[in-house]
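Read-outs: derived from the displayed coordinates by stated rules, not from any lab. All values derive from a computational prediction rather than experimental measurement. Backbone-built Cβ (ideal geometry, glycine too); neighbour counts: all protein chains shown.
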Amino acid sequence: MISILEGVSDPEIPVLSIMDMGVVREAIEQDGIVRVKITPTYSGCPAMDVIGDDIVSAFAKAGKTAKIQLVLAPAWTTDWITPRGREALEKYGIAAPLSPEADKEALLGNKKIVKCTNCGSTETHLVSQFGSTACKALFKCDTCQEPFDYFKCLK
Amino acid sequence: MNKDLYNYIIGIADNSLILGQRLGELCGHGPSLETDIAGTNISLDLFGQVRSYFQYAAQVSGDENATEDTLAFLRIEREYKNVLLVEQPNTDFAYTIVRQFYFDAFHLLFLKALETSKDETLAAIAKKSIKEVSYHWRFSSDWVRRLGDGTEESHTRVLEAVNELWMYTDELFHQTEADKAMIAQGIGVETLALKETYYKMIGDVLEEATLPIPESKYWHKGGKQGIHTEHMGYILSDMQYMQRTYPNMEW
């Protein structure tokens, strides 16, 4: 079951499996049906419907029927992204979330602590608190001039 | 069906729905790429929250045919219980920001209180939403500072919005019969207890923004009873157009 779930990835961030993302809360097989509980990262995240459909079809390929249930509590936090997931994010060009305190400092532009995913410099600045998706902010590196996404801390 | 609970959920959800719709109007029309994306991101968060509320409301409505979609798209104007503030037009960037600012401060305080509601579903939605709304508040209050303490032009225009929208803030704290019943049961939020903190919160930001705090005590109300401003009909005709023209259409 775990290997099937690990094969499903976030449609917006294809390198990140939903397991490493921490959105799968429970998967129980009972009477031939796999019941999977998933939790949304952001309430309005359009990826959630797609993730649900992808899980169902991944299990269907393995000859199993899956049913999805969306659970809201406890609410998802970026702490649930696994170390492997954080590494995948960085490699993909998205800076992984900092601690809540550091995140605030970074988003308020008080401190330069977000590391550029391209060259590793911390000489970066916030371009926009909201990025290409609800979960990301847009940064730009002052060393290599590349723009990059930062995965906002949600806690 | 629990009528008070249903009405209570609808009241909360409609604020986010109508504000989300207003922000959605700006998609592709924001003054800059970053603010455009921010507006639509906030809109998306609000719609996500609305879906959770409406799914729950549909469940407690006792009406088999009620779904999140029928609640969003197939009610008539008087059945929408959002406050007048959120239906006010975008006018310009200053109005859009100040409307957001006035609402976010309330929304944040409201959700913090709703977290401890005896109703588990509402508490769960609040816990989830609060993380998102913290970012909204950071965004809108930051822009109020920037516009207020910016150029002469931005100061003048944001001041106008601060004064014009001020009269809609008091309604945020009004309580309907359903609200009162829910408060008595430990489900609803005692909004009157939030009022002082609210005006302190926005007052502090206005001060930093070099904007005088409005003194007017003239307040508009009615939205929570379903009596809306002229703008509401236009919002609904836009929002409901597809479902009214092609009933039950999906995409």
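Among the DSSP helices (H) of chain B, those spanning at least 15 angstrom by Cα along their long axis with an average Kyte-Doolittle hydropathy of 0.0 or more are B:3-24, B:33-61, B:93-114; this is a geometric and hydropathy rule only.
In the protein assembly as shown, the inverse of the mean reciprocal separation of distinct Cα atoms equals 22.5 Å; this is its Kirkwood hydrodynamic radius.
DSSP loop (so not H, G, I, E, B), at most 10 other Cβ within 10 Å: list which GluC sites (Glu not before Pro) in the stretch A:45-123 pass both filters. Here no GluC sites (Glu not before Pro) fit, given the DSSP loop and packing criteria. Applied to the stretch A:115-129, the Karplus parametrisation 6.51 cos²θ - 1.76 cosθ + 1.60 on θ = phi - 60° returns per-residue 3J(HN,Hα) values of 8, 5, 7, 8, 10, x, 6, 9, 7, 10, 9, 6, 9, 8, 5 Hz, with x for Gly and Pro. Around the amide H of A:VAL34, modelled in the peptide plane, lie the amide H atoms of A:THR65, A:ALA66, A:LYS67, all under 5 Å away and 5 or more residues distant in sequence or on another chain. Each 5 Å bin from zero up to the one holding the largest Cα-Cα distance in chain B carries the following percent of pairs: 1, 6, 13, 18, 20, 18, 12, 7, 3, 1, 0, 0. The packing ranking of peptides A:30-37, A:68-75, highest mean first, is A:68-75, A:30-37, where packing means the average number of other beta carbon atoms within 10 angstrom of each residue.
For chain A, the longest principal axis of the Cα atoms and the long axis of helix A:83-92 meet at an angle of about 60 degrees. Altogether, the Stokes-Einstein calculation at 4 °C and 1.567 mPa s, with the Kirkwood radius of chain A over Cα pairs as Rh, returns a diffusion coefficient of 79 µm²/s. Restriction of the chymotrypsin sites (Phe, Trp or Tyr not before Pro) in the stretch A:1-96 to DSSP coil positions whose beta-carbon has at most 11 other beta-carbons within 10 angstrom yields no sites. Here the stretch A:2-78 yields Rg over Rh of 0.94, to two decimals, using C-alpha coordinates and the Kirkwood radius. Counted over the stretch A:93-151 with a bin width of 10 Å, the fraction of Cα pairs per bin, in whole percents, is 28, 62, 10. Taking trypsin sites (Lys or Arg not before Pro) in DSSP loop states with no more than 11 other Cβ atoms inside 10 Å as exposed sites, chain B has its longest site-free stretch at B:1-117.
For the residues B:TRP143, B:TRP219, B:TRP166, a GNM of chain B with alpha-carbon springs under 10 Å puts the largest fluctuation on B:TRP219.
The calculated P(r) of the stretch B:69-150, using every Cα pair and 10 Å bins from 0, goes 16, 34, 37, 11, 1 in percent.
Partner shielding of A:126-132 amounts to 6, given as the average count of beta-carbon atoms from other chains within 10 Å of each residue beta-carbon. Other residues with beta-carbon under 12 Å from the beta-carbon of B:SER52 carry, at +1 per Lys or Arg and -1 per Asp or Glu, a net charge of 0. Restricting the stretch B:157-251 to GluC sites (Glu not before Pro) that sit in a DSSP loop and have at most 11 other Cβ atoms within 10 Å of their own Cβ leaves B:GLU215, B:GLU230, B:GLU250.
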